[in-house]
1. Could you sort out which of Lys67/Lys260; Lys67/Lys238; Lys84/Lys259; Lys238/Lys259; Lys238/Lys273 sit more than 29 Å apart by Cα distance in this structure?
2. What does a probe at Glu189 reach in region 268-290, counting residues whose amide N is under 12 Å from the point 7 Å along Cα→Cβ?
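Nothing in this text is a laboratory measurement; each read-out follows from the coordinates by a stated rule. Everything numeric in this text was worked out from a predicted model, so none of it was measured. Reconstructed Cβ throughout: ideal geometry from the backbone, glycine too, with neighbour counts over all protein chains shown.
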Amino acid sequence: VPFAFKGIDVPTNNLGFFCGKDATEGDGECGPGAAPEIVYKSVGVAEVAGNGATSITLVVRNTNEYKPYQPPPSSSPTEEGANKDGFGNNGILENVGQINLANGQSVNLEFEFQDANNPGVAVAVSGYFCFFDLDTLKTCDEITSKEVTVLPDNNCATSPTTCTTAGPYGRDVVRFPTSQIATDSVIDEYPDILRATNSLVCMDDQTVEGETSFWGTKAYLQGVDNPGNFEFDNGALKFTSASTNFPQNTYACYDFENKKVLTHTYEVVGEQKGTGRNLVFSALLWICVP
């Protein structure tokens, strides 16, 4: 069953002490008096050993310095585009979670699953963790067309750091320990990795021992990174209410089993300018493990 972010309560939206979307400093939602994390309360349901189907809260924390894009004061000229609010984007994008990061930066993130009825109590769950709309450098070779454009390294034969001299639009890269993938799972009849058959997301589990990475290979127009509702369907994701022109072949998921915490490093490869990018994520959790 997929997480359902839309309309849920986000009592704390304070990743790295930055006030995210709809959070008000000073009332416990964000600022120095709040914990430096994002809390997605009762965002999903999962089977928990001994408790059966349990309401799940997702808590996201940074474990090193977090550097999102910081918009200038309102009196100053502002950047244009979907990411112009920088850390103000943190929280929810329709039906997925969202975290902003400045170009040329990386951040280590912990995603902890908690029992929604017992705040602070982590519980082990199983399912798939997913990333959507993994984008790349928009102006790699002076691309000016507004159409979806194939970049030179679309064959995944090169490093995600290729073409770093491009303009102000960075490449999304997600890295995580390969050990988080449930390769020896009771749910082995299902694939360990979910990607579209015509996927534009590269995957590498060879270059760095013990690490798997996903990165994007296509540039897209702004405002099409909302996957809407989706479900697990025959070894892939089926999108049932994606926003107009959502690139359905820019997602990647991996399966995990009996985990209380998942760790991911999010990096935006590129020059340190522009408004950065947003990590867009969700999960599908088992409510009945086969």
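1. Where the Cα-Cα span goes over 29 Å, the pairs concerned are Lys67/Lys238; Lys84/Lys259; Lys238/Lys273.
2. Only 290 fall inside the zone, counting backbone N under 12 Å.
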